[in-house]
Amino acid sequence: MSSAFASLWAEIAPIGLTDNGYLRFALTEPERVLRDWFRNQADRRDMTVTEDGNGNLFAWRGEPWADGVVLTGSHFDSVPHGGGYDGPLGIVSAFLAVDRLPAGRNVAVAAFCEEEGGRFGVPCLGSRLLTGAIDPSHAARLCDRDGVSFEEALGYRPAGPRRLRFKAAVELHIEQGRALDVPVGVASAIWPHGRWRFDFRGDADHAGTTRMADRRDPMLTYAYTVLAANKEARLAGAHATIGRVAVEPNATNAIPSLVRGWLDARAADESTLETLVEAIVKRATDRAGRDGIAVSVEPESVTAEVAFDTALASRVSELLEDAPILPTGAGHDAGVLSAHVPTAMLFVRNPTGVSHSPAEHATDDDCEAGVEALATVLLELT
């Protein structure tokens, strides 16, 4: 007989699934289907659904936005061709945990908008708007790769922050590494991290007629920067990734005029992160000078180190029979909320450690253990 988790998970597993992972970008059709599923789940449980004016959905057990409610949930959106667990696991688990709570325990289940930044470029956009961490006017102007603005996709201008009166927040998430050897763990901190856009500008020209000595090819400077980022991160004991690139005119027989690459950099502390990014920028700038290329660097989002409420993490660990407490290099909506609400995170074991990939996986038994752990924590906190 299938578990409660397996049954509910099966309802959303096909949504947005392609031959190569999931495409569940924020406010696109697959994610809108999941948002409708969210409303239906709330209706089944007689929970009131509200939207906060920023694209975030909330299902309330009790009066919406009242004092003392405990918040849980996660996000539906995925990275391009990502896995199915990153985000939705926390929402499915939240509804199942609510089912295990006695009457009178007031909780809210959240589905945050654009957590991955896969469509509009800024991660945790919904929770940043809710908490005032980003200006609504700036957020409204963010555009996807087709030129559609966040305001257009949302259907209205984002409202921005509101007063948060939650007693606590708990987000359950698949663990995105290989640190857990038991089904459930507790987060201690999120590494500082950010995204920087590098624009390399040269001269477009004919690939067949332009002498090698006469070229100002920004692709060469970009390629050097990718290798430099890898080397600098290894030397610093940090992480640097350039996984997205845009090229103009993007023709096989043309030297590019513009190569735009996005750096994702993360480190265990802010000093190391700052030093790492400075080193990469210097290497790129020095090389650009030798290549005759103009380079500019724009920080698109930078998040300081998040240390979750230490007392709450210890309390949650004890509730879960001394579940291990571990840091993570991945960003989460819980990290944004933690500056305003006592916040904790639960991790469900990931057997391979692979995430942001179709190979991302957790067993049904571990996910059931995660639901039970979340219910135990919510019962205590409410």
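The values are calculated or read from the model by the stated rules, or taken from the named source; none is laboratory data. Because the structure is a prediction, the values reported are computed rather than measured. Quick reminder, even Gly has a Cβ in these numbers, built from the backbone with ideal geometry, and neighbours come from all protein chains shown. For accessibility, only protein heavy atoms count, side chains too; no ligands or nucleic acids. Shrake-Rupley method; radii C 1.70, N 1.55, O 1.52, S 1.80 Å.
Charged side chains reduced to their Cβ positions (Lys and Arg at +1, Asp and Glu at -1) give segment 1-84 a dipole of some 180 debye around its Cα centre.
Please report the antiparallel percentage of the DSSP beta bridges confined to the chain, to the nearest 5. Antiparallel bridges: around 70 percent, rounded to the nearest 5. This model, with +1 at the C-beta of Lys and Arg and -1 at the C-beta of Asp and Glu, gives segment 217-358 a dipole about its Cα centre of some 520 debye. Measure out, as a whole number of angstrom, how far apart the alpha-carbon centroids of segment 123-198 and segment 1-74 sit. With segment 123-198 and segment 1-74 each reduced to a Cα centre, they are spaced 16 Å.
Starting from the Cα coordinates of the chain, work out the convex hull volume and express it per residue in Å³.
139
Relative to the current alpha-carbon distance between VAL354 and ALA246, full extension at 0.36 nm per residue lengthens the span by 36.3 nm. For segment 165-192, backbone nitrogen atoms closer than 20 Å to the point 7 Å from ALA6 Cα along Cα-to-C-beta are found at 183-184. The GluC sites (Glu not before Pro) of segment 238-344 meeting both criteria, a DSSP state outside H, G, I, E and B (loop) and at most 14 other C-beta atoms within 10 angstrom of the site's C-beta, are GLU321.
Rolling a 1.4 Å probe over the protein heavy atoms gives the chain an accessible area of 42 Å² per residue.
How much FRET efficiency would the formula 1/(1 + (r/R0)^6) give for ASP322 and ARG157, where r is the Cβ-Cβ distance and R0 is 41 Å, rounded to 0.05? Here the calculated transfer efficiency is 0.30. The residue list ALA97, TRP37, THR18 was ranked by how far each Cα lies along the charge dipole of segment 1-116 toward its positive end, using unit charges on Cβ atoms, and ALA97 comes out on top. Name the residues of segment 200-222 whose amide N is less than 18 Å from a point 7 angstrom out from the Cα of ALA294 along the C-beta direction? What the label zone holds, given the 18 Å backbone N cut-off, is 200-205, 215-222. Projected label points at ALA254 and LYS231, each 7 Å from Cα along the beta carbon direction, are separated by 3.2 nanometres.
Each Lys and Arg adds +1 at its Cβ and each Asp and Glu adds -1 at its Cβ; summed about the Cα centre, the chain shows a dipole of about 780 debye.
Of the heavy-atom accessible surface of the chain (probe 1.4 angstrom), what whole percent is carbon and sulfur? About 49 percent, which is the carbon plus sulfur part of the accessible surface.
Extension gain for ASP135-ARG165 works out to 8.7 nm (0.36 nm per residue, less the C-alpha to C-alpha distance). Taken as entire DSSP H runs, the helices of the chain that both span 24 Å or more between Cα atoms along their own long axis and average -1.0 or more on the Kyte-Doolittle scale are 218-236, 270-291, 364-381. As I understand it, the dipole of the chain uses +1 on the Cβ of Lys and Arg and -1 on the Cβ of Asp and Glu, about the Cα centre. Which of GLY155, THR72, CYS143 lies farthest toward its positive end? Positive-end residue among those listed: CYS143. The chymotrypsin sites (Phe, Trp or Tyr not before Pro) of segment 114-164 meeting both criteria, a DSSP state outside H, G, I, E and B (loop) and at most 14 other C-beta atoms within 10 angstrom of the site's C-beta, are TYR156. Note on the chain: with a GNM built from Cα contacts shorter than 10 Å, the maximum mean-square fluctuation among ALA265, ALA140, ALA236 falls on ALA236. The order of LEU378, LEU164 by accessible area, most exposed first and with a 1.4 Å probe, is LEU164, LEU378.
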